[in-house]
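Presented below is the structure to which this report refers.
The values are calculated or read from the model by the stated rules, or taken from the named source; none is laboratory data. These numbers were taken from a predicted model, which means no experiment stands behind them. Quick reminder, even Gly has a Cβ in these numbers, built from the backbone with ideal geometry, and neighbours come from all protein chains shown. Quick note on the areas: whole protein, heavy atoms, side chains included, nothing else; ligands and nucleic acids left out. Shrake-Rupley method; radii C 1.70, N 1.55, O 1.52, S 1.80 Å.
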Amino acid sequence: MEGFEEASSSENVLDLSRLNLNNNSLDSLSEKRRKDTTQLYLCYNRMTGLPESISLFSNLEFLDISNNALSVISEDITRLTKLKTLIAKNNRLNNSSLPKDFGSLQLEVLNLSGNRFEEMPSQCLQLLRLQSLSLGGNRLKSIPAEIESLASLELLYLGGNQISSIPAELANLPCLCYLVLCDNRIQSVPPQLNKLHSLRSLSLHNNLLTYLPREILSLVHLQELSLRGNPLVVRFVKDMTYDPPSLLELAGRTIKSRNLPYSHKDLPSHLVNYLDMASKCPNPKCAGVYFDSCVRHIKFVDFCGKYRLPLMHYLCSPECTSPCSSNPQSDADSDEDNSVPADRLQRVLLG
């Protein structure tokens with residue numbers, strides 16, 4: 001008991017981590033200590049299950065039971081009516097480990113990463129107040145369509161699983177700001193994700209993506225898009241490094257950007273038509289032009305250092321840090337970054 005008091009850092013916080021506790025070690029705590037505790041840490045112990053006395057912590061709001069040997073969470077946890085945060089990382093939990101009434105809790109944060117779940121527990125989909133759900137490093141093969149029921153969700157972490165597809169229903173989460181789906185087996189992104197208007201960060205690195213839907217461009221609040229380790233990125237790096245612009249493109253850009261006169265008397269009709277297809281660069285500080293045969297509006301730009309690679313093709317003058325510039329190793333800290341409006345210039349993490 002004395003050791004427990006020394007482990008506590010305040011009246012409301014009780015830290016009993018790394019004390020080699022067993023399933024019955026909480027029985028010696030006083031009733032007052034249990035009542036006063038709002039945060040309880042039981043990490044790195046030897047527990048294979050929660051002690052029954054956990055239900056006596058009537059005012060508990062935060063519980064961390066990570067890094068134990070838990071294979072089951074008993075019904076006793078459902079008596080913690082004030083519990084808002086449950087961290088149970090790195091245990092032995094599976095789809096049979098959660099109590100039937102687990103969904104009755106008023107949880108706002110749930111972290112079950114590093115366990116043995118093969119499916120997203122149905123009880124989790126009943127936690128309608130949930131703002132943060134982490135199930136990374138499990139054995140999930142899919143995301144259930146019922147995920148849309150978690151309307152308050154702001155963060156969804158599902159990295160390090162075996163997920164092969166993203167359900168369109170995921171787009172029905174109006175508050176979602178951070179979506180982590182890295183280190184899976186995802187082959188495509190549904191265009192419906194353009195409805196995630198609150199999304200700020202999308203992590204898709206180390207998957208099997210070969211393309212992104214154009215609808216992604218409408219995610220105007222997206223600040224980070226992580227794509228390294230996908231065939232999409234490998235192809236872009238190769239193309240931008242080894243495929244310079246054609247002489248026709250270079251000549252056309254020079255003629256148009258310098259306002260050199262031309263007419264049907266000077267050039268064949270097909271070249272005149274090609275030059276007439278030129279459009280002004282969307283960069284407001286650039287006087288360059290681009291041709292629609294290989295150009296789209298810039299939306300996502302890599303700042304990884306050596307290469308500057310847009311996901312949507314972008315072509316204008318070399319002064320506008322064009323990927324088709326003769327120098328693909330342009331300085332990542334160029335002042336040109338400021339020439340594109342913030343709502344159209346986003347960060348792509350490739351390395």
Accessible-area order for 124, 177, largest to smallest, probe 1.4 angstrom, reads 177, 124
Three-way shape label, the range 111-196, alpha-carbon gyration tensor, a/c 1.5: oblate
How high is the relative contact order of the range 1-120, given as a whole-number percent (alpha carbon pairs under 8 Å, six or more residues apart)? 19
Overall form of the range 140-280 per C-alpha gyration tensor (a/c, 1.5; a/b vs b/c): prolate
Tell me the relative contact order for the range 124-212 as a rounded percent, counting alpha carbon contacts under 8 Å between residues six or more apart. 25
Placing unit charges on C-beta atoms (Lys and Arg positive, Asp and Glu negative, everything else neutral), compute the dipole magnitude of the range 108-223 about its Cα centre in debye, rounded to 20. 200
Using a 1.4 Å probe, what is the accessible area per residue for the range 123-202, in Å²? 39
With label points built 7 Å along Cα→Cβ from the Cα atoms of residue 220 and residue 251, find their separation and express it in nm. 4.1
Round to a whole number: what % of the accessible area of the range 17-118 belongs to carbon and sulfur, probe 1.4 Å? 41
To the nearest 20 debye, what charge dipole does the range 82-132 have about its Cα centre, counting +1 at the Cβ of each Lys and Arg and -1 at the Cβ of each Asp and Glu? 200
Quick one: with all protein chains in place, what share of the accessible area of the range 127-279 is carbon or sulfur, to the nearest percent (1.4 Å probe)? 53
Could you check the spin-label model distance between residue 129 and residue 22? Points 7 Å from the Cα along Cα→Cβ, value in nm. 3.6
For the range 18-70, just say rounded, prolate or oblate: build the C-alpha gyration tensor, square-root its eigenvalues into a ≥ b ≥ c, call rounded for a/c under 1.5, and beyond that prolate if a/b exceeds b/c, oblate if not. prolate
